[in-house]
1. Has the range 683-691 got any residue that is surrounded by 14 or more Cβ atoms within 10 Å (Cβ to Cβ), in the same structural domain as LEU745 (by TED's automatic domain parsing), of a type in the set (Gly, Ala, Ser) and at pLDDT 90 or above?
2. Restricting to the range 216-245, name every residue that is surrounded by fewer than 19 Cβ atoms within 10 Å (Cβ to Cβ) and acidic (Asp, Glu).
3. Enumerate the pairs (first residue in the range 367-396 and of a type in the set (S, T, N, Q); second residue anywhere and assigned to a helix (DSSP H, G or I)) with beta-carbon separation below 9 Å, excluding pairs fewer than 6 apart on the same chain, so at least 6 apart or on different chains.
4. In this structure, is GLY278 surrounded by 19 or more Cβ atoms within 10 Å (Cβ to Cβ), in the same structural domain as VAL607 (by TED's automatic domain parsing) and not aliphatic (A, V, I, L, M)?
5. Of all residues in the range 586-634, which are under 23 Å from SER271 (Cβ atoms) and either out of contact with any strand residue (DSSP E or B) (no Cβ under 9 Å at 6 or more places or on another chain) or of a type in the set (Phe, Trp, Tyr) (or both)?
6. Which residues, taken from the range 287-335, are β-branched (Val, Ile, Thr) and free of Cβ contacts under 8 Å to residues at least 40 places away in the same chain?
7. Check whether at least one residue in the range 77-93 is within 27 Å of LYS225 (Cβ to Cβ), touching a strand residue (DSSP E or B) at 6+ places or on another chain (Cβ under 8 Å) and modelled with pLDDT of 90 or more, and report yes or no.
8. Given the criterion among the polar types (S, T, N, Q) and under 26 Å from VAL502 (Cβ atoms), identify the matching residue among THR105, THR88, THR46.
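The values are calculated or read from the model by the stated rules, or taken from the named source; none is laboratory data. A quick note: this is a predicted structure, and the numbers were derived from the prediction, not measured. In this analysis, Cβ positions are derived from the backbone assuming ideal geometry, glycine residues included, and neighbour counts consider all displayed protein chains.
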Amino acid sequence: MINTSFLEKIAGVVIQNYSERLSETTIVLPNKRAKVFLIEALKKATSKTILSPEIVSIEDFVQDVAAIRSIDSIELLFEFYEVYLSITEKQHQQSFELFANWAKTLLQDFNEIDRYLLEPSHVLSYLKDIEDIKRWGIEVENKTKLLENYIDFWKLLPLYYESLYGHLLNKSIGYQGLIYREAVNNLDHFSNTIQDRNFVFAGFNALNAAEEKIVQHLLALDQAKIYWDADQVFLNDPFHDAGLFLRRFKEKWKHYKSHPFEWIVDDFSQSKNIQIIGTPKTIGQAKLAGSIIEDIINQNPVASLDKVAVILGEENLLIPVLNSLPASVGALNITMGYSGKNNPSQILVAKFFKMHTAALSRTGGSYVFYYKDVLDVLTHPLVEPYANCSHLVRIIKENNYTFITLNKLLELNANPSKLFLLLFEKWDKGSIAVLENISALLLLIKGNFNNDNQEEKIAKTFVYAVFKVINKLINYYSKHKHIDNIDTLHAIYKQIIDIAEVSFEGEPLRGLQIMGVLESRVLDFETVIVTSMNEGKFPAGKSQNSFIPYDVKKELGLPTYKEKDAIYTYHFYHLLQRAKNIYLVYNTENDGLDAGERSRFITQLEVEKQKQHNLTFDIYNPVLPTTAYQPMVIPKSEAVMERLKEIALTGFSPSALTSYIRNPIEFYFQKILRIREVEEVEENIALNTLGTIIHETLKALYEPFIGKFISETDLLNGFKLLDDEVLKQFKLVYKEGEIKKGRNLLAFEVAKRNVSNFLKMELESIKNGDAIKIIALEQTFERELTHPKLPFPVLIKGNVDRIELRNGRIRIIDYKTGKVEKTNVVLKSWNGLTEELKNDKIIQVLAYAFMFEKEAGETPIEVGIVSFKNLKSGFLPFGFRAEKDLDITVTHNTLQHYLEEIVLLLNEIFDANLPFEEKV
């Protein structure tokens, strides 16, 4: 059983000491989340009906003291910009996006200065003096305009601070630091108005100067009590950072000169099982966390996970962890800040901005989208299932639409859904209209989710977070009018999405708890799983986003990374304080983006090991299969055999035979299952498309001469028609693709050059006395192959590029746009012809000879290849090299040898006992 939790102890004290005055008691906690758990603890601590005391977070309490409303970081940025414009000369005013780059950091510094009650003019003029000193080495006459502007910026800081402070105070709104400073100023008035109230401060560790002052003021007036969650192990060790702040308060507070420091517990040294597990990469940690939870469930299937918490050391682990949880988890509660820029819904809005801003920038009157931008939006998981656009995506891919106008999109999608119309609504009515369009779009997407499904519920939360940001932008823009164009709007959106957090809703008292480090304050769990236990992640490291240097912070009493580390240390040890089973997970990788050595906290646990702590160290590696990849093996079922008979009847093409030799699985997918390759937009002309264009152009140019002998005049006329014919074929084959610029223009010129060179080669032949008569172009031939060793007749069928009668011999030509050498079509032995892929060209051209043998009659046949990348070699004939002689005539005897090998191949394909086996 878990030790009595801190909140249960607080509940007991409240019931015991304040039962008569509960309605006049306010309990102040470090965060809002603990309130739910405290109410539950109060319920358990009493058997009768009572009025709950008021329970507030420290921030809400200080707001009450100051009587000022807190504003979020986005609103604050806009208010600051308004102030900045009012005090900056027109010619020196920066755009909002430039301003936001430094303003976010400066606001953090203003916040710290106020929380620690420092004199702002002193701190900010100090910064200006430091910058001046840095520049002492530069002579006055050598100072550049840029440098002067830089120094002027530091001079202006006190003015920025005073102007913003006054502006916000005038509106009774403020950032956290301003509210804290005003609360301290208002303390006397506040304590006079609440003389009948009791305050209980519970579970604090680090307090800023303003909080210290407020608490000590109320303690001195005997209007408050404070209860720390202090463990003696940390408090009594002068070097232990987990007790750093509590030791300071115990030593320095006037209250403790005359009052005891109460509630020092001894929980941390009690019995604990601590498993320290290393695993590679971020995803490995997520999988491991899921695996640990699965083990917990399997060990006790009926037990609830209410006392189990997963603490994420870095927020980007949230999605991988959610995807790694076992289905049996059931109830789940997420409590953590999750950055807007990592929000999956934000990625859709970013793509949406990219698509429209790019379309707007392509001027010329028309609104032109780039196909990738369109497909990125239409295939996004939040859009694809609901936009009914699969046919449009297919049309864009099949027709090679690289750039597509808005009108064309609407024309191609005849019955658009409401979602589609919102996605492609023109952004030409100003920024507010754009934001309203995005807001309506997100609202529509949000409506598509089912609240009963946990995954969809989380997705809905992500969408809603961006929806809120967009609506705030609408509100701010209507007030401030600083977003003058879409590019500026986009820049502002990118700035503020960074500081917009996602808030999750859930049932905090039920099920597994997933939270960030800060959200775990004051809470106790029996089983704790902590991820990202690496230096730089947990604790977060020395990086600080501030204009105030470290030594200045140290001198002025502002928190440095030393104090921030101490806060992390307290949170970490508090997680462990009352837990029984602890899993600390870290990344073992020491290079790459998420790399780093294991956290010093792990070393500290090891070095300062308590007697009753059972520490185990383990490395968790994913289970690797003994073989990296198992080749696919598919047995030939009855249906497969039927399909093979069907192919034998309709025709085996030479390319089907060579695809089987290349990889039987490829043959299975293409010919048996008839799976086509996925259609993609061909932004740059692919080699096979270029090949098709060259084939079709040659066919068109030579078609008028079928059955005739070609003359020089015919070929010279072909040169004249060449350009128009290539362009025509490009448009037929490449459809809507762009051919007038870039690599496609080069491909267009390559196609023309190839055809032109071929015509030159032909012209040269005719000038040298060759008599060439065209018999067939791009024509399909077929012939049945019957053989005693075959189970049934097989039709051999294929498309022949060109057949001609040249100088009394039949010549069958296969065009190849790739490079083919003479050696590729010379054979030394028939044995094993179909076992090697290098013979694919020979298998192909001899199939054409077999198909045309009857038509040729007694006329001698030669078959071969014309390679456009090797045109200087001319026609490359198939030849069989018997000893030294090369025979290029394809005789009946040649074909008999060839067919014996083809029959062997076909029998292998038709053998029901031989499965299709993948070649790797």
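1. no
2. ASP222, ASP237
3. THR379/VAL393; ASN388/LEU419; ASN388/PHE420; SER390/LEU378; SER390/GLU384
4. Working: surrounded by 19 or more Cβ atoms within 10 Å (Cβ to Cβ): yes; in the same structural domain as VAL607 (by TED's automatic domain parsing): yes; not aliphatic (A, V, I, L, M): yes.
Here the answer is yes, as GLY278 does meet what is asked.
5. PHE601, THR603, GLN604, VAL607, GLU608, LYS611, PHE617
6. Scanning the range 287-335 gives ILE297, VAL302, ILE319.
7. Filtering the range 77-93 down to residues within 27 Å of LYS225 (Cβ to Cβ) leaves none.
Looking for residues that are within 27 Å of LYS225 (Cβ to Cβ), touching a strand residue (DSSP E or B) at 6+ places or on another chain (Cβ under 8 Å) and modelled with pLDDT of 90 or more, one finds none in the range 77-93, hence no.
8. THR105
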